[in-house]
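Below: the structure, in C-alpha cells.
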Amino acid sequence: MMSFWTRIKHLSPAARRREELEMREELESLTAIAGGRKELGNLTLAMEDARATWSWTWLESILGDVRYSLRTLLRQPAFAIVAVLSLALAIGANSAIFSFADALLLRPLPVENSSGLFDVTNTTPDNTLEGMSFPDFRDLRDHNRSFSGLTAYRLTTQAVASDPMAPAQIRFVSLVAGNFFSLLGVTPSAGRAFLPEEESIVGQPVAIVSRDFEEQNYAARGRSALGDTVRINGIPFTIVGVAPASFTGLDRFVAPSIYIPLGMSQRLAAAPMNPLEDRGNHILVVKGRLNSGASMKSAKAELANIGAELEREYAKTNRNRHMSIRTELQRRIDQAPQLLSMAKMLMGLVALILVIACSNVANLLLVRARARSREIAIRLSIGAGRGQLIRQLMIESLIVALAGAIIGLWIAYGGILALGMMSVPSDPPSVLGVELDWRVVEFSLLAALASCILFGLVPALQSSRTDFVTALKAGGEGPQAGGRRWALKWFGGRDLLVAGQVALAMVVLVAAGMFLQGFRDMLTMRPEFRTDHLISFDTAPAVLHYTPEQTQAFYRRLIDRARVMAGVANVALTEALPLSPGQTIVTVVPEGFEFPKGREKAVEFGAAVDAGFFHLLNIEIKSGRAFTDDDRAGSRRVAVVNEQFVKTYWPGQNPIGKRIRLDSATGPQAEVVGVAKTGHYLAVNEAPAPFVYLPYEQNPRSRMTLVVESVGDAAGLAKPLREMVRSIDPNVPVFNLRPVATLYESRVTDTWLNFFQMVGAMGLIGLALASTGLYGLIAYTVSRRVKDFGIRIAVGASRRDIIWLVVRRGLMLAAAGVLIGGALTAIAAPLLAAGFPGLGVSSSAVYVFVPLGLLMVSAMASYMPARRAAGMDPLQALRNE
Amino acid sequence: MDLLQGTLDMLVLRTLLTGSLHGYGIAKSIRSTSNEALAIEFGSLYPALKRLEAKGWIASKWEMSEHNRRAKFYRLTVAGRKHLVQEHSKWADFVDAVGRIMNPLSEVK
C-alpha cells in the first residue's frame, strides 16, 4: 500500500528530481565517510536499483510505447489517416443510427424503473392496441390480483390560455388518473402531485404543468406558475405543481404541456353525459406495475379472465373485446411495425459498414505488420521481448481505435444534429428528439475497443513470430523461405478480406440504389392533389363548448366569410388533408363483404369533406360523381370511396350503387356514388390504402381543416385568415396555419430526403472504405513485387503490360467481390423491398450500375499503384534488392 | 557467504533495532556483528534501504555523523518493528525446521 503511494507520488517529475538529488547527496556523503568509492562498490548499479523502487517501470515503458507508436503512426500519416478515418466513419455512422433508432423505438420511458411499467390494452379483432373505457379500467383496477398499481391517462389537444387576455393555443393536455405521478415515480419539481380526491370532479380544478410550459408562459414573464391559473377550454385551473424537466409524458414524439385529473373529462368537453361512465368509450391508455409475485404470463392469464367476464356481463359494449399486457417496446413495435423494419435495416446497413471498416483497418495493419517485419526483427534481435512487442503493436492499434472513436463521436454528433431537425411543422409541435446520450458513447467506445482487439491482436501475434534472420536478410520484404507458409496463408486471407469488403459495399450500395430509385420516383411522382396556391388551417370550435348546431353555424360563416375575402379564389372544408399527420378514420361495414371470423367491421382512413373539396384539391373522380351541394343533411346518405377500397371489398364488381354501413352493422347506410383515385394518405411510402369520403353536411365534425385557394401568394393570406377567424369568435383557436405546399414538402421531400441522405451517405462510406481497402492491398502487392516488375521491364515488358498486370489483379478481386455481393444482395433485396412498400423498388438499373461502378472504382484504385510500378527504373528496382 | 532471498531486509531491520545508523554504518555493523562472515555489498544494501523506506518500515533523516559529517540516518519505525518481530519468528521456525532435517549429520560421516 505504502509502496503504491510512494510510486504514485513519484509520478510527478518534480518529486522524482528531488529524490534523485537527495540520493546523490547521500551517496556522496557516504563515500566521504567510507573513505573512497572503492569501499562502496558499483554505485551506478545501486542507484539504478534504488530508482526502481519509486518508479513505475511498466507504466513508464507503456508511456514509452505510446510515444513510440505515435511517432511511427506519424511517420506514415497516410496509413494513420486512412485507418482512423475508416473507423471514425463507421463508428460515427453507427452512433448516429443507434441514436436514431433509440429516438424511434428504444428509448425507455422517462419514469422510475421504466422496465417494470407494462402497457395494458383492450384488443379487438380489428385492433390489438385499443384503448380502455373508464368503467373497464375501474373494474380491472379493483378486481385484479396481478398488479401492484394501475394508472390510466388520455392524451388530448385542448385550447389553452395562460393569460385571460391571450388568444387560446392548441396544446397537448394529458388527462390522468389520481395515482398517475405516484405510480410512475415522478415527483413534481415544484408544488405537488395530484391528491387522490382530485380524481373526481368536485372542487376547484387543478393542473400540473410541464417545465417547458412553465418556462414559456410564466418564468419568462417573471411569474411563478404555482398558484397561478391556466385556462383550458375557458375553464380556469389552479396550477398546483410543475412536472420535472426530465418527464415528457408517456408518448413518443409528443410532450404534454399540462396534466389535469381525468375527472375533468366531462366539464372539459361540456358533454351532457360523462364520457368516463360510457363503457363503450375506449379512450384510456392504461399502464401498470406488476406485483412481486406476478409475471407477464400470469398477468396475461388473469387479464384474459377479467376480459371474458366483462364480455359476458356487458355484451353490448364488450363483445369481442379482450385485455392484453405487453412491454413498452412491444407496444411501440405494434404501433408502428414499419419503424422496427426501418430501424433494423438502418442498423443492418451500418453494421455492414462497421465490418467493412474493421476489415479495412485489419488489412492495413496486416500489410503494415509485414512491411515492418524488418524493423520488428531488429527489435527482437536486440533483445525486445515478444510480449513487449505485442504490447507495443496493441497500443498502436488502440491509439488508432481511440482516435477513430473520438472523431467518430464528433461525426455522430453532426449527424444527430441533422437528424434532430427532422420534424413536422405542426401545432402543437412534435419532434423526433434524437440526442446523443451516454449509451451511445459507451457503444462507440465498445465498438472501437472490440475492433482494436479484433484487428490488433492477429497482426501483433503474427509479426512477433517473425523469423528475424530471414527477415533481416530479405530486407523489407519479410520472410521468404521460412515464412512462405505464413505468407501464403495471410496473402489469401487478405484477398478474401478485400473481396468481402467489395461484396459488402455492393450490398450497401444496392440498398442505397434502391432507395435512390424509390426516392426519385417519389420526387418525380406528382402529388395526387394540388398543392400550389393553397393555404390551410385547422380549427376546433368545440373546445369552446359550442353545441353541434353552433359548430355547424360557425363553419358556414367561416366558409362564407373566407370566400369573399380579397385574394381568395375558392375554399373547401375537409376533416383531414392528404399527407397531413392527423389522418382521420371511419368504421365501415361494406355491403356483401365476408369478414374473416371474429371481425365484423373495418376501420379505414376516411374524412368528411364538403362539395368543393374534390374540385379544389384536384382529386380525380374515376367513375360516378363527386359530392354536390345537394348531398345535405336529410337527403339520401352518400359516400365516395377510392379505387383501393373497391379492390379490397368489392373486387371485380361495380361499386356504384353499393351500400356501406357506417360505425357498425346496424349503423346508417350510405350509398357509394363515386370512386376516387387512390392516393397517399399518411405517408408517401405507404401501401395503397382504402379511403372513404363522406359529405360533411351529412357527417358534421367538430374539428375541420379549411383549405383556401389564393389568387396570389398563398402564404400572404395567413394573417388575413387569422384575423377573419378572430372576427367570428376571438376564442376559437387557429392552428396548423401553413401553405399546403409547405406541408407537402415537409411530409414528402424533407423527411425522405433526410432518410435518403442517411442511406446514401452510408452507401458512399461503404464504397470509400472498400476502395481504400482495395487500393491498400494493390499498393502493397506492387511494393512486394518491385523486383519482379524490374526484371519484367528489363526483359522488355512495356509499361502497359505492367499496368495491366496490376490492374487485372485488382479487377479480379473486385469481380470476386461483386459475385459474392450479388449473391448476398439476392438474399437482402427482397427483405428490403418487403420492409418498405412503395419505396424499395429494386430495379435492374441498380444491378447494372452498382457492379459497374464498383469495378470502375476498383480499376481506379489499382491504377494508381500500377502506374507507380510501371514508372519505376528497372535498374534501380533491381539494385534495391 | 551468500544471503538467502529476503534475509537482507531482516538483517537491516535487526541492525537498526539498536539505534539509527547511516547506510555505510549499517553495512559495517552487519559485517562486524557476523564476525566478517557476511560481507554485504553496498550495491545491494542501498536499494534495500530505499525499498524498506518506501514500505514504511524505516524512516530517514539527515544528521551529523561521528566524524562531524552530514549523513542520512535510518531508524526503525513502529511498523518496521512489528514486521521485524513477524520475520524473526518466521525465521526461527525456518531455522528450526531446517535444523531438524540437517542435525543428525553424523549418519553421513
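Using a Förster radius of 22 Å, what is the FRET efficiency between B:R100 and B:S44 based on their Cβ-Cβ separation? Nearest 0.05, please.
0.15
Output ³J(HN,Hα) for the range A:645-661: one whole-Hz value per residue in order, computed from phi by the Karplus curve 6.51 cos²θ - 1.76 cosθ + 1.60 with θ = phi - 60°, and x for Gly and Pro.
4, 4, 4, 6, 9, 10, x, x, 10, 7, x, 4, x, 6, 10, 10, 8
For chain B, take the alpha-carbon Rg, divide it by the Kirkwood Rh, and send me Rg/Rh.
Reported Rg/Rh, Kirkwood definition of Rh: 1.06.
Can you give the extra length, in nm with one decimal, that the chain gains between A:E600 and A:Q388 once fully stretched, where that is 0.36 nm per residue apart less the Cα-Cα distance?
Between A:E600 and A:Q388, full extension yields an extra 68.8 nm.
For the range A:127-199, what class follows from the C-alpha gyration tensor (a ≥ b ≥ c being the square roots of its eigenvalues): rounded when a/c is under 1.5, otherwise prolate if a/b is larger than b/c, else oblate?
Here the range A:127-199 falls in the oblate category.
Largest first, please: the extent of the C-alpha atoms of the range A:680-771 along each principal axis, to the nearest Å.
66, 33, 27
Remind me, relative contact order of chain A in percent, using alpha carbon pairs under 8 angstrom and six or more residues apart?
Once normalised by length, the contact order is 15 percent.
Quick one: pull the percentage of alpha-carbon pairs in the range A:73-116 with a separation above 17 Å.
The calculated P(r) of the range A:73-116 puts 57 percent of pairs beyond 17 Å.
Divide by every residue of chain A the summed helix terms, -39500 (n - 2.57) for each DSSP H run of at least 4, and state the resulting mean residue ellipticity at 222 nm, rounded to the nearest 500 deg cm²/dmol.
Mean residue ellipticity at 222 nm (helix-derived): -17000 deg cm²/dmol.
Which shape class, rounded, prolate or oblate, goes with the range A:226-348 when its Cα gyration tensor gives a ≥ b ≥ c as root eigenvalues, a/c under 1.5 marks rounded, and past that a/b bigger than b/c marks prolate?
Here the range A:226-348 falls in the oblate category.
Once you have the Cα-Cα distance between A:K647 and A:W410, take 0.36 nm times their residue separation minus that, and quote the gain in nm to one decimal.
Full extension of this stretch gives 80.3 nm more.
Determine the shape class of the range A:208-261: with a ≥ b ≥ c the square roots of the Cα gyration tensor eigenvalues, call it rounded for a/c under 1.5, and otherwise prolate if a/b is greater than b/c, oblate otherwise.
Oblate, since a/c reaches 1.5 and b/c is not below a/b.
Starting from the amide H of A:S623, placed 1.01 Å from N in the peptide plane, find each other amide H under 5 Å away whose residue is 5 or more places distant or on another chain.
Sorted by chain and number, the residues that satisfy this are A:V675.
I need the Kirkwood Rh of the range A:346-390: take the reciprocal of the average 1/r across all distinct C-alpha pairs and report it in angstrom.
Kirkwood radius, the range A:346-390: 12.5 Å.
Report, in debye and to the nearest 20, how large the dipole of chain A comes out about its Cα centre when Lys and Arg carry +1 and Asp and Glu carry -1 on their Cβ.
Dipole size: approximately 3320 debye.
Scanning chain A for helices, which whole DSSP H stretches are 30 Å or more long along the axis (Cα) and average 1.0 or more by Kyte-Doolittle?
TM-like helix candidates: A:77-101, A:337-371, A:386-420, A:438-464, A:751-784, A:799-835, A:844-870.
What order do you get for A:609-617, A:17-25 when each peptide is scored by the mean count of other beta carbon atoms within 10 Å, highest first?
Descending packing order for the listed peptides: A:609-617, A:17-25.
Taking a virtual spin label 7 Å from the Cα of A:R223 along the C-beta vector, which residues in the range A:168-195 bring their backbone nitrogen under 16 Å of it?
From the range A:168-195, the list is A:168-169.
Given an 8 Å cut-off on Cα distances and at least 6 residues of separation, report the relative contact order of chain B as a percent.
27 percent.
How far apart, in nm, are two points set 7 Å out from the Cα along the Cα-to-Cβ line at B:D93 and at B:E63?
Spacing of the two 7 Å Cα→Cβ label points: 3.4 nm.
Report, by chain and number, residues whose modeled amide H sits under 5 Å from the one on A:L129, excluding near sequence neighbours (fewer than 5 apart, same chain).
Sorted by chain and number, the residues that satisfy this are A:T124.
Between B:A71, B:T7, B:A48, whose Cα lies farthest towards the positive end of the dipole of chain B when Lys and Arg beta carbons carry +1 and Asp and Glu beta carbons carry -1, centred on the Cα centre?
B:A71
Projected area of chain A, taken from the Cα convex hull and averaged over every viewing direction, in nm²?
It is 52.9 nm².
So if we plug the beta-carbon distance of B:T7 and A:L446 into 1/(1 + (r/R0)^6) with R0 = 56 Å, what FRET efficiency do we get, rounded to 0.05?
0.65
Per residue of B:39-48, how many C-beta atoms from partner chains lie within 10 Å of its own C-beta, taken as a mean?
Mean partner shielding for this stretch: 6.
Evaluate the charge dipole of the range B:1-87 about its Cα centre and quote only its size in Debye, nearest 20, assuming +1 on the Cβ of each Lys and Arg and -1 on the Cβ of each Asp and Glu.
That gives the range B:1-87 a dipole magnitude of about 380 debye.
With θ set to phi - 60° and the Karplus curve 6.51 cos²θ - 1.76 cosθ + 1.60, what are the ³J(HN,Hα) couplings of the range A:177-189 in order, to the nearest whole Hz, using x for Gly and Pro?
Whole-Hz 3J(HN,Hα) from phi for the range A:177-189: 5, x, 8, 3, 5, 5, 5, 6, x, 9, 9, x, 6.
Starting at 0 and stepping by 5 Å, how many percent of the alpha carbon pairs of the range A:169-242 end up in each bin?
Bin by bin from 0 Å, the calculated values are 3, 15, 27, 28, 17, 8, 1.
Need one number: nm distance between label points at A:E671 and A:R659, each 7 Å from Cα along Cα→Cβ, rounded to one decimal.
With each label placed 7 Å out from Cα toward Cβ, I get 1.0 nm.
Under a crude label model (7 Å from the Cα following the beta-carbon direction), how far is A:R37 from A:D532 in nanometres?
9.9 nm
If the viscosity is 0.890 mPa s and the temperature 25 °C, what translational diffusion coefficient in µm²/s does Stokes-Einstein give for the range A:38-159 when Rh comes from Kirkwood over Cα pairs?
This corresponds to a translational diffusion coefficient of 107 µm²/s.
Any of A:K344/A:K601; A:K601/A:K622; A:K344/A:K677; B:K55/B:K82 with alpha carbons more than 24 Å apart? Name them for me.
Pairs exceeding the cut-off: A:K344/A:K601; A:K601/A:K622; A:K344/A:K677.
When the Kirkwood hydrodynamic radius is evaluated over all pairs of different C-alpha atoms of the range A:513-656, what value in angstrom, to one decimal, is obtained?
Answer for the range A:513-656: a Kirkwood hydrodynamic radius of 18.3 Å.
Evaluate E = 1/(1 + (r/R0)^6) for A:D713 and A:E549, where r is the Cβ-Cβ distance and R0 equals 41 Å; express this FRET efficiency to the nearest 0.05.
0.65
None of the figures in this text is laboratory data; all of them are computed from the coordinates on show. Keep in mind that this is a model prediction, so the values were computed, not measured. So basically every Cβ, Gly included, is an ideal-geometry build from the backbone, and we count neighbours across all protein chains shown.
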